[in-house]
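Below is one structure, written out as structure tokens; the observations come after it.
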Amino acid sequence: MARRRTGLSPRHKKILTFLETFLSEHGYPPSIREIGDHTQISSTSVVNYYLNQLAEMNYLERDSNVSRGINLLKTSNGSLLQNVNNAVTNLTEQLVSVPLVGNIVAGEPMPVPASDFSYYDPDSGIDVARSLLPAGDRLEDLYALRVHGDSMIDAMVNDGDIVVMKKTNQARNGEMVAIWLNDRDETTLKYFYLENGQVRLQPANPTMKPIIINDPSIVEVQGKVVLVIRRLDQ
């Protein structure tokens, strides 16, 4: 039976060197995917395997409840490392990762592609400051969608933006929600209104007309918007 090699392998040392450099340059730890990209490890599970080994050898600590939750304890030559970690402790405690699960159309309702409303991969996520999210909301109830279309531009939601959603199957009049029309397998992002036994899906674009649904039973609320993250080039 093969025994695991004791001490640091070249790959362990490369990961530790990258962690120290990244922490010094950015002020916060890298993501699992960033570690994999730098060390030419294509699988996030393999990155996690090496990080867990380094944790067992007391070179770092990991916190699965915190986004980028890696606390570097020692460098590859065994030197204790504290200053960099102290500088980033507050930041890593405040950041949370919200899974990016698909796309949503802000326009005319469109058929749901096979990839929408399903997780891209275990490491897909958007890092968000906890202070920007509603107090009291459970993190497991939050997810993110990338917006396509311009029907909500007057609500400051543009094509390419990301909306953070809270899972719910109910909506109050005037809330911006992700809607699934189950009779035609289509989704859209709109303001929701229930009026006189009809549902009005109202765009925030003066050039577009509201969508009137006569049968409310076909309208399924998938979540409501709690935060908009603007595309960087806007």
### Task
Along Cα→Cβ, 7 Å out, is where each label goes; now give me the distance between the ones at Y49 and N77 in nm to one decimal.
3.0 nm
### Task
Provide the packing ranking of 17-25, 29-37, 186-194, i.e. peptides ordered by the mean count of other C-beta atoms within 10 Å per residue, highest first.
186-194, 29-37, 17-25
### Gain on full stretching of the segment that runs from D37 to E195 - 0.36 nm per residue minus C-alpha separation
51.7 nm
### Task
Would you please give the FRET efficiency between R62 and K167, computed as 1/(1 + (r/R0)^6) with r the Cβ-Cβ distance and R0 = 22 Å, to the nearest 0.05?
0.20
#### Entry: Separation between Cα centres of region 159-219 and region 1-63, rounded to whole Å
44 Å
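Just so you know, all these numbers are worked out from the coordinates, no wet-lab data involved. Note that the structure is predicted; figures quoted are calculated from it, not measured. Every residue, glycine among them, receives a Cβ derived from its backbone with ideal geometry; neighbour counts consider all protein chains shown.
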